[in-house]
Every structure is written in C-alpha cells, then in structure tokens.
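Visitor: Here it is: the structure, laid out below.
The values are calculated or read from the model by the stated rules, or taken from the named source; none is laboratory data. Please read all numbers here as calculations on a predicted model, not as lab measurements. Using ideal geometry, Cβ is built from the backbone for each residue, glycine included, and neighbour counts are taken over all protein chains shown.
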Amino acid sequence: MISMITMQNRSSALDIDAVRAFALVAELQSFTRAGQSLGETQSAVSLKLKRLENRLGTRLIERTPRSVALTDNGRSFLHNARELLAAHDRALSGGAAPQRRLSIGFSDHAAGPELAPILARISEFDPDLQLDVRIGFSSALQDDFDRGKLDAVVVREEGRRRRGERLVEDELGWFASPSFLTRATRPLRLAMLAAPCGIRADAIRALQKKKREWTEAFTGGGVTAIAAVITVGLAVAPLARRIAPPGTIDLGPALDLPPLRKSVVVLHSRTSDPHANASLHALASAFRRAAAKT
C-alpha cells in the first residue's frame, strides 16, 4: 500500500523544468525568448508547457501568432510556480538562497521613468538576484562593458560599436515648458548633460548645421536635473519623447529648430548564468512594454 501511494505521488508530481519554462514564457511573453534563456528550441518549450497543462488539466497560456498571454488559471498558477521554483533552487543550494549578482549599467537618456518599475519587475522575477546598477553616459558604460567591468548595459547605439539587442527606437525633440515660448530669446537657452553625452553632441551639431545661435544655460549631471530646469521654463533640452517630463512639449517646430535623429536603445550582455540571462530577458521585455505605453 505504501509503495502504491509513493508511485502515485511520483506520477502526479510536477515537472520542475516544465514549471520553469512556464514561468519564463509568462514573464517574457515569448516562447522564443524563453527558449533562449533555457538554451532550448521554441518547440521544446511548447512541448514542456503542453505537458504541464495536461498535468494540471487546464490551459495556462493563450498563444496567437502575435501575442502570448496568461489565462485566468495561468495568472493564478504563476505565483505558486515562482514559489515552487524558489524552493527548488534553495533545496539544491543546501537550504540557503543562492548568491547571484548581476552588474548592469543604464544610460541616463535610455533609462527614463521606466527604470524603477523595470528593476522592481526583475526583483519580482528573481528575488535572490543581487543587482549592482550604475547610471552613466552610453560611451563610458560601453567602455566598462568592453573591459569586463559590467555584465550588461542598456545604452544608446553609437558610432561603430557592435550592435546589441534592440530594445526601442526613441524619437528626439526639443522639450520645454509651454511658458518658455513667452520668454524665448536668441541665443537659444539650452539645458544639456555634460560631455561626452551623445545626445548633447548630436544636438550641437544640428544647431551648428542650421547656424542657430545657442547658449548653454544649464549643464546637468543627470536627466532628472535637466527635467527640473525645463519644467519651470528656464531652458530647452534635447530629449527622447519617452522620457520627457509631464507638462513639457516639443517646441522644435514653434522655434524653428532642426530635427534630431532618432536614438536606438540596445542591450549588451555577456553573462552565461542561465538565471541572470533569464532576468535580462525579463528586463528587455519589461523595457519594451513600458516604452510602448509612452
């Protein structure tokens, strides 16, 4: 009788690999990216999910050619799945949470208001992952990445640097408070990050090409400071529309300013740890979703 119960329990146990595949598909909203995180094909992930759904007797994922979404039962199961995976990983590590660390750099112009919820999403996805986050200029962060000082960077694509995973294409404009129009003067009052900011360099080149006079009314150490200055109407700043502070508008057309070229934000990573890779895929998905809402 005991052996029979044991065999029944074994036959009804959940496949931990299938549960992990489900959690990744749910978080990344993509069978392809989940497969990349696991080092498996898309079809292998689909098969694991099918086995899990058969075992639970319910559909967890609704899949169309263009989207992946959780069913009501899938959303209910996701919390339990994460707890099961965390307990499994603790058991493998001898009862203590495994120590994993990911150092990642964000370009100040790329991070934007989405940074806080994105980091929270990563923490929710992998509570045991220790994040070391640095904010800086794209060129400096890329240099540190190339030297092996950072595991991953989210930066603006610049010059002849090798291309990373494309996250979003930003439209740039000349943002300021609407009240700035009433006090607009020549030369144009600009608020920009210090050199070697790439967007600063692009903006200066565009103004010089148009032969537009300008003066640097404010030099900021971060986008947050720039946002404060333009919100109160003291200057105009070249910014991505996605990160422009609420209440500001693109005054480029009204002030006859030159158009700015679009900015591509990319992810570079080198970590081989599957957990860290999964977290980076979660970051990329969260970044794209947040950018799409702006």
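Visitor: For the structure I just gave you, tell me whether G222 is of a type outside the set (D, E), touching a Lys or Arg at 6+ places or on another chain (Cβ under 7 Å) and surrounded by fewer than 22 Cβ atoms within 10 Å (Cβ to Cβ).
Guide: No, not satisfied.
Visitor: Just one of the numbered conditions (1) out of contact with any Lys or Arg (no Cβ under 8 Å at 6 or more places or on another chain); (2) under 22 Å from I226 (Cβ atoms); (3) in contact (Cβ under 8 Å) with a residue 60 or more places away in the chain is not true of G136; which one?
Guide: G136 satisfies all of (1) out of contact with any Lys or Arg (no Cβ under 8 Å at 6 or more places or on another chain); (2) under 22 Å from I226 (Cβ atoms); (3) in contact (Cβ under 8 Å) with a residue 60 or more places away in the chain except (3).
Visitor: Can you go through A240, A276, A244 and tell me which one is in the same structural domain as G112 (by TED's automatic domain parsing), of a type outside the set (S, T, Y) and within 18 Å of the chain's Cα centre (by Cα)?
Guide: A276
Visitor: Considering A254, A278, which residue is at pLDDT below 80 and either touching a strand residue (DSSP E or B) at 6+ places or on another chain (Cβ under 9 Å) or not in a strand (DSSP E or B) (or both)?
Guide: It is A278.
Visitor: Right, another one. Filter the range 169-200 for residues that are free of Cβ contacts under 8 Å to residues at least 24 places away in the same chain and assigned to a loop (DSSP other than H, G, I, E, B); which is surrounded by the fewest Cβ atoms within 10 Å (Cβ to Cβ)? I'd like the intermediate steps shown before the answer.
Guide: Just the residues of the range 169-200 that are free of Cβ contacts under 8 Å to residues at least 24 places away in the same chain, to begin with: 182, 185, 195.
Add one more test, that the residue is assigned to a loop (DSSP other than H, G, I, E, B), and what stays is 185, 195.
On the way: T185: 9, A195: 12.
So, considering only residues that are free of Cβ contacts under 8 Å to residues at least 24 places away in the same chain and assigned to a loop (DSSP other than H, G, I, E, B), the one surrounded by the fewest Cβ atoms within 10 Å (Cβ to Cβ) is T185.
Visitor: Looking at A217, is it assigned by TED's automatic domain parsing to the domain that holds D256, loosely packed, with under 14 Cβ neighbours inside 10 Å and not in a helix (DSSP H, G or I)?
Guide: On the way: assigned by TED's automatic domain parsing to the domain that holds D256: yes; loosely packed, with under 14 Cβ neighbours inside 10 Å: no; not in a helix (DSSP H, G or I): yes.
Judged against the criteria, A217 is not a match.
Visitor: Now a separate question. Just for the range 169-202: of the residues that are at pLDDT below 90 and aliphatic (A, V, I, L, M), which one is nearest to the chain's Cα centre (by Cα)?
Guide: Top of the filtered list is A195.
Visitor: Still on this model: For R55, all conditions in the list (1) modelled with pLDDT under 75; (2) assigned to a helix (DSSP H, G or I); (3) of a type in the set (D, E, K, R) hold save one; what is the number of the exception?
Guide: Status for R55: all satisfied but (1).
Visitor: Name every residue in the range 203-214 that is under 19 Å from A240 (Cβ atoms) and either in a loop (DSSP other than H, G, I, E, B) or in contact with a strand residue (DSSP E or B) (Cβ under 7 Å, 6 or more places away or on another chain) (or both), in order of residue number.
Guide: Hits for the range 203-214 are A203, L207.
Visitor: Give the residue that is nearest to K50 (Cα to Cα), with candidates limited to residues of the range 13-23 that are aliphatic (A, V, I, L, M) and surrounded by fewer than 24 Cβ atoms within 10 Å (Cβ to Cβ).
Guide: Here the answer is A18.
Visitor: Output the residues belonging to the range 1-40 that are at pLDDT below 85, outside any helix (DSSP H, G or I), within 33 Å of the chain's Cα centre (by Cα) and farther than 17 Å from A69 by Cα.
Guide: L14, G39, E40
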